[in-house]
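The block underneath contains the structure these notes are about, expressed in structure tokens.
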Amino acid sequence: MQLFLTALLRCSIAMSVISLVYITAMPLLSKRYSAKWLYYTWLVIVIGWVFPFRPHLDTHLFPFQIPNIQVIEAQYIDVSEPLTIITNGTGGASAIPQWWVIISIWIIGMVGMIAYNVWRHGRFLKMVNRWSEDITNQWTLDVLDKLRTEMKIGMHVGLKICPGITSPMMIGFFSPVILLPSIKIASDELIFILRHELVHLKRNDLWYKALVLLATAVHWFNPVVHIMAKAIAVQCEISCDELLLQETSIERRKQYGETIIGVVRNGAKLQTALSTDFYRVGKGIKTRIFYIMDTTKKKAGITILSVALMAIIGSGTTFASSPAKIENACTPMQAKRELISPNLSKQVINVDVKTLEGRKFVCLGPYALEGDDIIKCDITTEGNNGNLTIKFVEDNKKRDIKGPLQGLAIIDCRIQNPDHRVKVSPSPAGSYWLVIGNDGGVVLNNIKGTIEITTE
Amino acid sequence: MNDMKKLPDAEFEIMKVVWANEPPITTNIIMEQLGREKEWKAQTVITLLLRLVKRGFIRTEKNGKERTYFPMVDKGDYLKFETGDFMERFHANSFTSLVATLYNDKKLKDSDLDELVKWLKEKRD
């Protein structure tokens, strides 16, 4: 779960960057590329938001293959020389992430958001069912049928009039119904309106919207996803207009623009009648009218889509690999004395050191400790007369370690029994380094086992 | 009608017929337009009508043998009461709603629209 949370956060950050870059570039891209391609590039991005895991070309970087709490490689270190440590991850261990708390909050937020939207939509549908009436005007129904045939839409489409809505709309994932507000609509306007809604139907825009909603639910904590949802809603309409107006004259474009303005105006009036609200300028409609009248030839945006796809897939790899080599050097580095260990919060530390000569030690960590923690050691060694010592040393005292017994430690014990429990004295919570040393004169081999940090 | 309450579905159905027809409304009209479709008995319809009278949505008169009904609440007023608030809230956050609308903007000024129309008209060639 912890891994999942990390993957989710990485995804959220990476997708935020990609989405913001795309939004910023949008005005420029809109001039060159067709709205349809820009709209479907958004779809690729939305899918990137919804699925936090990425395929990894380099299997070494795949999150599931990084063992959670395990010393990947440990080399012994000469006591008399300074030590260099490279850790996996940043030194954030001092702030123990209570990941299960975070995950609960995340799940509550996500479920809450989905539940709220389902409830809201259900209420809306109920209202629509109560108030709407089938349109029985044969001419109107014929127009709808003709358009359906023309656009090759096989499924039945209902047509209803619904007082209370301010804009024509299409609802229903499985049995679509077009709803018209109860305002006077001229016949040529009706054709535009129906065609517009049928384009939404044909492109499965409702399912697209549902996917966007899912992305906003999964990443509800991220404001960028909500900005994106807004941008997609705008792009959805612009690309719908584009498809509808393919190869049409400027005169028809004008009529279409006027239809939209007319519907907006009527809707505004209706909404003022329904609620006490004043109106301010909507920038979206201006942009839209501008694109409706824009007849410049646009390129297919397969390049844009590919770039977005590469960025999404690439983000997984770079994000997985970048924190892996953050240095936490405290003294000049000597490569052969590197000790690589994952930096992780409390739990179980697996120890696997092949040999430890007398008066030598290895340093692992840092690990987060709290005042009431109990350290359980369960370590076996081979070899006689060596003295295995285990201690935790404060982060800032690490550079002072000169040998297995030196340096201030909050825990300092010699392991005699295979199962050893030590309670941490009430020292400040923080980041500590685990020092495993051999205080004896004889080599210790195959030092294996676990050191567990628990609260029990 | 200060304390208007949302009508239950059955009473609302009756009210829709009341609004759709020229008053005075008779039980027969309602039976014809609704009773058969819903398979309601005449008694059911009368009970529902009486409830609506109690609520103040309609008033009733007795002309000889036949009882007639007149709407007391305007359809538009009731629509505003029942959906106005909801639609406002629905539109306030409609970007990720699960309906495909014709436009997304929630708030627009008339003068801005005029300006747009003018711009459209001036656009030649």
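The values are calculated or read from the model by the stated rules, or taken from the named source; none is laboratory data. All values derive from a computational prediction rather than experimental measurement. Every residue, glycine as well, gets a Cβ built from its backbone with ideal geometry; the counts of neighbours run over all protein chains shown. SASA here: full protein model, heavy atoms, side chains in, ligands and nucleic acids out. Shrake-Rupley method; radii C 1.70, N 1.55, O 1.52, S 1.80 Å.
Here are some notes:
- Under the criterion of Cα pairs below 8 Å and six or more residues apart, the relative contact order for region A:164-224 equals 27 percent.
- Ordering A:Trp131, A:Trp139, B:Trp119 by accessible surface, largest first, gives A:Trp139, B:Trp119, A:Trp131; the 1.4 Å probe counts only protein heavy atoms, with every chain in place.
- For A:Val443, distant residues with modelled amide H under 5 Å away: A:Gly358
- Quotient of the Cα radius of gyration of region A:121-202 and 2.2 N^0.38 Å, N being its number of residues: 1.03.
- Average Cα contact separation per residue, region B:1-74, under 8 Å, 6 or more apart, as relative contact order %: 33
- Where A:Arg265, B:Arg59 fall by accessible area, highest first, once all protein chains stay in place (1.4 Å): B:Arg59, A:Arg265
- HN-Hα J in Hz across region A:143-158 - Karplus 6.51, -1.76, 1.60, θ = phi - 60°, x for Gly and Pro: 4, 4, 4, 4, 5, 4, 5, 4, 8, 6, 9, x, 6, 6, 10, x
- Remark: region A:440-447, residue by residue, has Karplus-estimated 3J(HN,Hα) of x, x, 10, 5, 9, 10, 6, 7 Hz, where x stands for each Gly or Pro and the curve is 6.51 cos²θ - 1.76 cosθ + 1.60 at θ = phi - 60°.
- Of the residues making up region A:286-313, those losing 50 Å² or more of accessible area when the isolated chain is joined by the remaining protein chains, with a 1.4 Å probe, are A:Lys286, A:Met293.
- Most to least packed among A:208-221, A:23-36 [average Cβ atoms within 10 Å]: A:208-221, A:23-36
- Legend: distances between Cα atoms for A:Lys126/A:Lys209; A:Lys184/B:Lys6; A:Lys202/A:Lys297; A:Lys31/A:Lys299; B:Lys6/B:Lys80; pairs beyond 18 Å are A:Lys126/A:Lys209; A:Lys184/B:Lys6; A:Lys202/A:Lys297.
- Inter-centroid distance (Cα atoms) of region B:34-71 relative to region A:210-265, Å: 47
- Residues A:Ser175 and B:Glu32, FRET efficiency given R0 of 41 Å [Cβ-Cβ distance, rounded to 0.05]: 0.90
- Partner chain coverage, peptide A:256-262 - average Cβ within 10 angstrom: 4
- Shown is the FRET efficiency for B:Glu39 and A:Glu133, computed with R0 = 25 Å from the Cβ-Cβ distance and rounded to the nearest 0.05: 0.80.
- With DNA, RNA and ligands ignored, accessible area of A:Leu9 (1.4 Å probe; Å², nearest 10): 80
- The largest accessible area among A:Ser175, A:Ser132 belongs to the first residue in A:Ser175, A:Ser132, and the rest follow in falling order (1.4 Å probe, all chains).
- With DNA, RNA and ligands ignored, accessible area of A:Thr149 (1.4 Å probe; Å², nearest 10): 100
- Chains B and A together bury roughly 5600 Å² of accessible surface, counting both sides and using a 1.4 Å probe on protein heavy atoms.
- For A:Ile379, the solvent-accessible surface computed with a 1.4 Å probe is close to 10 Å², ligands and nucleic acids excluded.
- Per-residue average of Cβ from other chains inside 10 Å of A:233-240: 3
- J(HN,Hα) series, region A:11-18, from Karplus relation 6.51 cos²θ - 1.76 cosθ + 1.60, nearest Hz, glycine and proline x: 4, 4, 5, 4, 5, 4, 4, 4
- Counting Cβ atoms of other protein chains within 10 Å of each residue's Cβ and taking the mean over peptide A:177-186 gives 1.
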